[in-house]
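*Asks:* Below are the structure tokens for one structure; questions will follow.
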Amino acid sequence: MLLLHGYYSNPHINYDIHYSSKDNTSPEIYRNKFFEFCDHYTDFSQLYTDGSKMTNEVAAEVVHGNVIKTTRLPSKASIFRAELHAISLALSPVRHSKEKNFIIFLDSMSSLEAISGFKLEIDIVQNIIKDYTHLANSDKTIILCSVPSHVNIRSNEKADTAAKSALSLPITNMKLPARELIPCVSKFCLDEWQDIWDCREGNKLHSIYPKVGVVILAGGELLLEQL
């Protein structure tokens, strides 16, 4: 087993199904690749994860056979965190199962990039890699497999539907790192800036640059920042 940073094992990530751009690949090709992949790993138990975010509602879920586990995250959580939280949820049934081989299917490329890139500064990525290492050391084989979304892979669509349904659940009490608040703070500052810009008397540039933060010309952005 390959160990990185002196302790953590390198997660096994597979891109055999999601090997090309969706713009240039028909859903049927993806489905055929998916079935070929599953035929190659018949002795692996399958889990499907997904995250969902609509306005201020955020949720994550995992589907394992007929069992669906869902979590409603705090409203400030990002879709990125929801996708990662879903992977973390998937490791729980792996931990408690007597089976040894597992494939976790997910459609979040950014999550896989964060995990494969060992972005340990992201707390939930570090927790996932730590749990993965512990399970791998317990003779569990876990493959994280990328699948494209919305190409009618039945179980993956089931995961997507479950994640959306979880948006109406009560919010789970959990702490979020400060970085999750950056988009909210940025929006608040931009709204305040817009109000000042809209209410400024004699603002002749307002008709040219009605929206702050919209870059039309590099010189225009600098001019707005100076006013």
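Please treat every number below as a calculation from the coordinates, not as lab data. In this text, all values refer to a predicted model and were calculated from it rather than measured experimentally. Quick reminder, even Gly has a Cβ in these numbers, built from the backbone with ideal geometry, and neighbours come from all protein chains shown.
*Asks:* What value does region 84-227 have for Rg/Rh, both radii from Cα atoms and Rh as Kirkwood defines it? Working shown, then result.
*Replies:* Values: Rg = 22.7 Å, Rh = 19.5 Å.
Here the Rg-to-Rh quotient is 1.16.
*Asks:* Something else about it: Helix 79-96 versus the longest principal axis of the chain: what is the Cα-based angle in degrees, 0 to 90, to the nearest 10?
*Replies:* Here the helix axis deviates by roughly 20 degrees.
*Asks:* For LYS100, list the aspartates and glutamates whose Cα falls under 20 Å from its own Cα; do not include residues on the same chain fewer than 8 positions away.
*Replies:* Here the aspartates and glutamates satisfying the reach criterion relative to LYS100 are ASP39, ASP43, ASP131, ASP139.
*Asks:* Using alpha carbons only, how many angstrom separate the centre of region 124-150 from the centre of region 161-183?
*Replies:* What the calculation gives is 21 Å, centre to centre.
*Asks:* Evaluate the distance, in nm, between pseudo-label points positioned 7 Å from the Cα of LYS22 and of HIS96 along their respective Cα→Cβ axes.
*Replies:* Those two pseudo-labels are separated by 3.2 nm.
*Asks:* Hey, another quick one. Below 8 Å between Cα atoms, with a sequence gap of 6+, how large is the relative contact order for the chain in percent?
*Replies:* Values: 335 pairs, mean separation 57.7, N = 227.
Reported as a whole number, the value is 25 percent.
*Asks:* Still on this structure, please answer the following. What angle do you read, to the nearest 10 degrees and between 0 and 90, between the alpha-carbon axis of helix 182-199 and the longest principal axis of the chain?
*Replies:* 20 degrees
*Asks:* Longer than 18 Å from Cα to Cα, which of LYS69/LYS164; LYS22/LYS158; LYS98/LYS140; LYS76/LYS175 are they? Say none if no pair is.
*Replies:* On the way: LYS69/LYS164 13 Å; LYS22/LYS158 20 Å; LYS98/LYS140 10 Å; LYS76/LYS175 11 Å.
Flagged as over cut-off: LYS22/LYS158.
*Asks:* Binning at 5 Å from 0, report for region 3-174 what percent of all alpha-carbon pair distances ends up in each bin.
*Replies:* All Cα pairs considered, the percentages come to 1, 9, 18, 21, 21, 16, 9, 3, 0.
*Asks:* Oh, and also: In degrees from 0 to 90, rounded to the nearest 10, what is the angle of the helix 123-137 Cα long axis to the longest principal axis of the chain?
*Replies:* 10 degrees
*Asks:* Another question about this same structure. From the backbone phi of region 30-47, what are the Karplus-calculated ³J(HN,Hα) couplings (6.51 cos²θ - 1.76 cosθ + 1.60, θ = phi - 60°) in whole Hz, Gly and Pro given as x?
*Replies:* 4, 5, 4, 5, 5, 5, 4, 4, 5, 5, 7, 10, 5, 8, 9, 7, 9, 10
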